[in-house]
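Everything on this sheet refers to the single structure shown next.
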Amino acid sequence: MKRRVREVIVVEGRYDKNTVSQAVDAAIIETEGFGVFSDREKLELIRRLAEKRGVVILTDPDSAGFLIRNHLKVTLRGENVKHAYVPDVYGKEKRKSAPSGEGKLGVEGMDPRTILDALRRAGATFEDENASPEPRGGITKTDFYELGLSGRPGSAKKRAELVKRLCFPERISANALLEAVNALMTRQELIALVAPEIQL
């Protein structure tokens, strides 16, 4: 059984996300590489998640990874931020035809044990495996539609009300909002928040 991590884990890209999700049960957000430098919405989302649950930054051990990490460090100013580091391992990822510029494996090239060790050293909070809390997430685009948060008359207004209640930036897109609520709450908690009249 995978260990469950309370904090949101911030990684560079989808291959990193896939690797980390094989090691632990956690909400994982991608920076989309250097895209986070110009994406104010993404930065605001990560800041909000840091305030609510804390974040663990887990980037590649190369210069690009440290550039992204340092940008987040300055932006988040250490508020509920932990830093996990994978070791320098030379080689290339299976999906690539050649090693990276510095010849080091990124997060995606690490095995689950290495990821788990990195998170443990960073002080990540591993939730009690004996308690079986309902997993956060599992909220789909269909749920958004059925709850009137997308694709229906008045959905933009209803979404704006939810954004305001959660203190997210008002310009957050429907897709980013879906990603955020999946990191913060269960499906039942979302229903209770936006449609309490629905019987669970």
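The values are calculated or read from the model by the stated rules, or taken from the named source; none is laboratory data. Small disclaimer: the values here were computed from a predicted structure and weren't measured. With ideal geometry, Cβ positions are generated from the backbone for all residues, glycine too; neighbour counts draw on all protein chains shown.
Take Ala124 and tell me if it is over 21 Å from Gly54 (Cβ atoms) and either among the aromatic types (Phe, Trp, Tyr) or modelled with pLDDT of 90 or more (or both). Taking the combined requirement at face value, the residue does not satisfy it. Residues that are at pLDDT 90 or above, touching a Ser or Thr at 6+ places or on another chain (Cβ under 6 Å) and not basic (Lys, Arg): does the range 75-85 have at least one? The answer is no; no qualifying residue exists.
Entry remark, the range 1-13: residues being within 17 Å of Val81 (Cβ to Cβ) and surrounded by fewer than 17 Cβ atoms within 10 Å (Cβ to Cβ) number 1 in total. Tell me, which residue of the range 37-57 that is without any contact (Cβ under 8 Å) to a residue 60 or more places away in the chain and closer than 22 Å to Tyr85 by Cα is farthest from the chain's Cα centre (by Cα)? Applying the filter and picking the extreme gives Phe37. Mind checking which residues of the range 154-177 are of a type in the set (S, T, N, Q) and at pLDDT 90 or above? Scanning the range 154-177 gives a single hit, Ser155. In this entry, Ile68 is excluded by the filter for residues that are touching a strand residue (DSSP E or B) at 6+ places or on another chain (Cβ under 9 Å), closer than 20 Å to Arg3 by Cα and not polar (S, T, N, Q). Applying the criterion of being at pLDDT below 90, of a type in the set (D, E, K, R) and surrounded by fewer than 16 Cβ atoms within 10 Å (Cβ to Cβ) to the residues of the range 127-153, the residue that is nearest to Pro196 (Cα to Cα) is Glu134.
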